[in-house]
Each structure stands twice: as structure tokens, then as C-alpha cells.
Amino acid sequence: PEAITVAELANRMAERVADVVKSLMQMGVMATQNQTIDADTAELIIEEFGHKVTRVSDADVEQVIEQVEDSEDDLKPRPPVVTIMGHVDHGKTSLLDAIRNTKVVTGEAGGITQHIGAYQVTTDSGAVLSFLDTPGHAAFTSMRSRGAQVTDIVVLVVAADDAVMPQTVEAISHAKAAGVPMIVAINKIDKPAANPTKVRTDLLQHEVVVEQMSGDVQDVEVSAHTGQGLDELLEAIALQAEILELKANPDRPAQAAVIEAKLDVGRGPVATVLVQNGTLRQGDIFVVGEQWGKVRAMENDRGERVKEAGPSVPVEVLGLNGTPEAGDVLNVTSTEAQAREIAEYRAQVAKDKRAAAGAATTLDQLMQKA
Ligand code: GTP
Ligand code: MG
């Protein structure tokens, strides 16, 4: 921040406001506690009181969490991160459940309990795929706007008995805007009223040309109910992933994106993150948005304790000092002081922004009344 109020400065130094005002006066600056002084003046005051000046700036933050370019040799293949999108009731949740149950379960009665909003499956041909459960369209967009592009492939679910609907179109534009390739899953193929041809021709009007229409977007007929086409869909995703040649460097401090976060009564703040690069380990110190922490424990998608999580792996993280927001990016730092400073700096910037916005609104309101 470029400026600070006298009261806030006193507060941060744990000094009395009156003493700060007096000190300012001696420097020839007349200011009451609610007035702001510039950063240079504040720095003089801080030194005057015998405190150390640590001015954190955007540049400092960037330096600490700087993304050192990985050299080609350090990059290893990583699983694709897949998000399922589509119109209401077209079967997104059913499809995710069906995939998880055919692939993850094996022998477990009643299907597996889902622990976190993301899971991994291994296809019959041995490819590992990470599925993101949560993002509805709003979440997808807001995560993108917060800088976390986590999705590599979008599976567009279109119900064969309903064809292209408004949110189908929305999903198409989200995927296009994000530059993420799409695979069309024509769902509910088991229904008597299913008309996959209509789906394909409808999609043409939105410039999605599927393979059956001689285009290059893969399309697979599936049924979340009967399980028809699920393996084919998974192989289509694996094929698309191969084309993308997704890579990451597992041998570096982790960067991860928050998929969801909550305050758990028993365990404190808990965040589900998806590792984007590097490996996250138990004991790592990190900053995430306006929060920071130290990885106390991690659980994978099956609720098992894990000590580390590599690229594209979703894990639940314990050990945060507060609850971050979906889309926040987690960066491992070398020291706790760094993590805390960056978190506090970000919180302050956000607070200043809110205050500025608040002041503007009040002024607007005053003007309107006048
Ligand atoms: P929202 O989360 O509300 O957007 O819906 P959704 O896309 O997650 O759809 P959901 O999985 O909840 O399915 C909606 C309805 O369609 C449910 O009644 C499902 O049982 C049904 N359904 C889903 N997939 C299939 C399918 O393959 N065949 C048939 N016959 N019904 C299906
Ligand atoms: Mg759903």
C-alpha cells in the first residue's frame, strides 16, 4: 500500500496513537489518527520508533513465488485434469459417479464414499485421469478469473433426449474461451427417446464439429445408467491427453490450486487442492491467497493419509491458518516468515481495495442524495 492511516501504523507497531501523532508533529507533519500518511513518512516514523521496516510489495511477492522455468529435462508426463460440464439434468453427476464406481470400486459394496471434490481413475489401458467434481460453470469461470486454470480437458455432457440447451452453449463458450479441448459425451443413450444425431447436428450450429460429422471433436455415446460407452469415453479422454503432451516437474516446490475449502469444526480450515506443478509434501510451508500454513496432514481422494502429492493429484490439506477461496493458488515458500508476510500483504491490499470501494460507494450515495 502507498499510504497508511496514523492509527493503523500505530497499531501495527503496537505503539500508542498519541505517540505517533506527536512524533509526526516533531517532523512537521500535522495528522490526526484517521488521516493517511505516505509510505516514506511512515518509514521514517517506523525507524524513529526503533522498528525494522519491511515493505512488502507486489514485486517481492512475485519474487518469492516466482515460477522458475522448468527445463525440458525436468518435465515428466502428468495426468490430465478433466472437468465435466453441461446443461442442468443432462447427467454430469451421474456420469462422474458412474466413472468412479466402475473404476475405483471393484468389490466394495454400495460404491465408494467420496471424500473430496476430485478423484483419479486408471483406465483399462493404464492411463491415469484426474476428474474434478465441483466446478459448475460459475466456479469454472471464477476460478479462471482468479488465475487458476486447472482444467486440461472438458467433457461436454449432452443428454441424447434433450440435445443442445442454453447451458450447453455456455459450457462450449467457456471451454473455447479457456482454450481447452472438448470431448462430447452424448448421455442417456439408453432412453427410448434418445436422438444422438440431433445432438450432433445441434452442435454444428455452435461450431462444434464432432468426428461423426467429419470434425475433430471426439464424441462418445454413453449411459451413466447402464454403463454403456464409459470405457470408450475414458479412452477418448486418454487419447486427447496424449495429444496435449501434458507435463510438469515433480522435483520442485509445489504450486497447487484450491478446488474447495471449508472450516471444519473438528479439524479447522481444510482445503482440497490440485497440485499443478512440483510435489506437495507433509511439513511444507505455504502461502495460499490471503492465508498461509504448514502441511500438517494430507488425505487423498479415498480418505487415505498420504505424505506427498505430485502433479495433477488432488489432496485435502490440513494445517491452514484460515480458509482460502476456491481458485486461490498455493505456493510453497522456504520460510514461515515469507509465507506469513505475503499472506498479510495480500490481505492488506484486499482490505485497502474494499475500503476504497466502500468510500466510493458512500460518496456516490451522498452525491445522489444531494
Ligand atoms: P445438475 O447437477 O442439476 O445440473 O444435473 P446433472 O447434470 O448432474 O444431472 P444428474 O446426474 O443429476 O442427472 C439428472 C437426471 O437424469 C437424474 O434423474 C438421473 O438419474 C438421470 N440420468 C442421468 N444419466 C442418465 C442416463 O444415462 N440414462 C438415463 N435414463 N437417465 C440418466
Ligand atoms: Mg449434478
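The values are calculated or read from the model by the stated rules, or taken from the named source; none is laboratory data. What you see is a predicted model, and the numbers here were worked out from it, not measured in a lab. Because the Cβ atoms are built from the backbone with ideal geometry, glycine has one as well, and the counts that use them run over all protein chains shown. Ligands, DNA and RNA are stripped out before the accessible areas are found, and what is left, the full protein with its side chains, is counted by its heavy atoms. Shrake-Rupley method; radii C 1.70, N 1.55, O 1.52, S 1.80 Å.
Structure notes:
- Dimensionless Rg/Rh of segment 203-284 - Kirkwood Rh, Rg from C-alpha atoms: 1.15
- Its Cα gyration tensor gives segment 145-206 an equivalent ellipsoid, and the semi-axes of that ellipsoid, as √(5λ) in whole Å with the largest first, are 25, 11, 9.
- Segment 154-298 - percent of accessible surface contributed by carbon and sulfur, probe 1.4 Å: 49 percent
- Considering segment 226-370, its Cα convex hull presents a mean projected area of 14.2 nm².
- The residues of segment 284-361 have, on average, 45 Å² of accessible surface per residue, using a 1.4 Å probe with all protein chains present.
- Share of pairwise Cα-Cα distances greater than 26 Å in segment 122-281 is 35 percent (whole percent).
- Modelled spin-label separation between T335 and E170, with each label point placed 7 Å from Cα along the Cα-to-Cβ direction: 4.7 nm.
- Accessible area in the full protein assembly, largest first, 1.4 Å probe, for K294, K188: K294, K188
- For segment 179-262, the per residue solvent-accessible surface stands at 48 Å², with DNA, RNA and ligands left out and a 1.4 Å probe.
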